[in-house]
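One structure is given below, encoded as structure tokens.
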Amino acid sequence: MKDSEFKALVSLLDDEDSQIINHVEDKIKSLGQEIIPYLETEWESNLNPSVQRRIEDLIHVLQFELLQERLTEWYETDSEDLLKGLWLIATYQYPDLEFVKLKQDLEQIYYEAWLEFKPDAHPIDQVKLLNSVLFNKLKFGANTKNFHSPGNSMINVVLDSKKGNPISLCAIYMLVAQRLKMPVYGVNLPNLFILTYKDEQHHQFYINVFNRGLIFSRDDIDNYIAELRMNPQENFFQPCDNVDIVRRSLRNLMNSFEKIGEHSKTEEVKLLLQAIAGGDVSDLI
């Protein structure tokens, strides 16, 4: 479609006939994600607030479709890359966020940790060193004042503010630890996401990143589960995979939008979760 034809099409978004507007919107949507830059240009040059709002809605629909496609592709072919999965979640709110920017931010944190890291130290001492860098030097910490903010599930926001929820802080910690070749993995506990250090020499202990990297044992998890009056399950003690982490991040985001009354966004995030649910409807709860 020529520029002049597209401009003529967009101009019809100002029509008084709702049927014409609906027809134009459907036509623009059918052009696919490639049309987004042209819509953005038209938004900048258009001075009609109602037309701008319709353009914004069209851009969002097209960007959301693109995100669903990318998330499904990640789930099916690229789920070993946790950072990419977290980046995709963040692009729901920040569609222009560049993946390379996140990689650079994580690389800088890794470099700060690498400067003080001792590969030959005992595993617990290695964790204490990483705790010192992340929580004392770099000032990462729990966002207890605004726990239900959607930003807590956006890795770019957490990297900038250095405040997050249990799973976002654990994800950053885990990504840095694994770059240091530490066998650190996520663990799905009820109501809390934690990490485990588990190596081939049968060392295993747990790390509560939300509590500044507190180290604890399997017995402590047993006590925690008992306090919740739940039956212990093996997955409460063992590493989960990256898909589980991204699913739980999406559930947290869905709950955050629900808490602040953003019901349309809650439903959209539910669709994103459905894209990687793998047929398990429990992941939509």
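Restricting attention to the stretch 147-186, which residues are small (Gly, Ala, Ser) and buried (at least 19 other Cβ atoms within 10 Å of the Cβ)?
Residues of the stretch 147-186 small (Gly, Ala, Ser): 149, 151, 153, 161, 164, 168, 171, 177, 186.
Listed by number, the residues that qualify are Gly151, Ser153, Gly164, Ser168, Ala171, Ala177, Gly186.
Looking at Val157, Val209, Val187, Val243, just one residue is among the aliphatic types (A, V, I, L, M), under 26 Å from Lys139 (Cβ atoms) and touching a Gly at 6+ places or on another chain (Cβ under 8 Å), and that residue is Val157. Within the stretch 133-146, being open to solvent by less than 90 Å² (accessible area, probe 1.4 Å) and over 12 Å from Ile109 (Cα atoms) holds for Asn136, Gly141, Ala142, Asn143, Asn146. Screening Gln178, Gln126, Gln233 for residues that are of a type in the set (S, T, N, Q) and touching a residue at least 40 places away in the same chain (Cβ under 8 Å) leaves exactly one candidate, Gln126. Listed by position, the helices (runs of 4 or more DSSP H) enclosed by the stretch 31-105 that each have at least 2 residues that are open to solvent by 70 Å² or more (accessible area, probe 1.4 Å) and closer than 23 Å to Leu271 by Cα are 49-77.
The residue list Ser50, Ser79, Ser45 contains one member that is in contact (Cβ under 8 Å) with a residue 60 or more places away in the chain and of a type outside the set (Val, Ile, Thr), which is Ser79.
Are there any helices (runs of 4 or more DSSP H) wholly within the stretch 187-285 with 3 or more residues that are open to solvent by less than 50 Å² (accessible area, probe 1.4 Å), and if so which? Write out each step before concluding.
Working: elements: 218-227, 242-259, 263-275.
By residue number, 242-259, 263-275.
The values are calculated or read from the model by the stated rules, or taken from the named source; none is laboratory data. Treat the numbers as computed from the prediction; the structure is a model and nothing was measured. Methodologically, a virtual Cβ is constructed for each residue, glycine included, from the backbone with ideal geometry; neighbour enumeration extends over all protein chains shown. The protein model used for the area step is the full one, side chains on, heavy atoms only, and it has no ligands, DNA or RNA in it. Shrake-Rupley method; radii C 1.70, N 1.55, O 1.52, S 1.80 Å.
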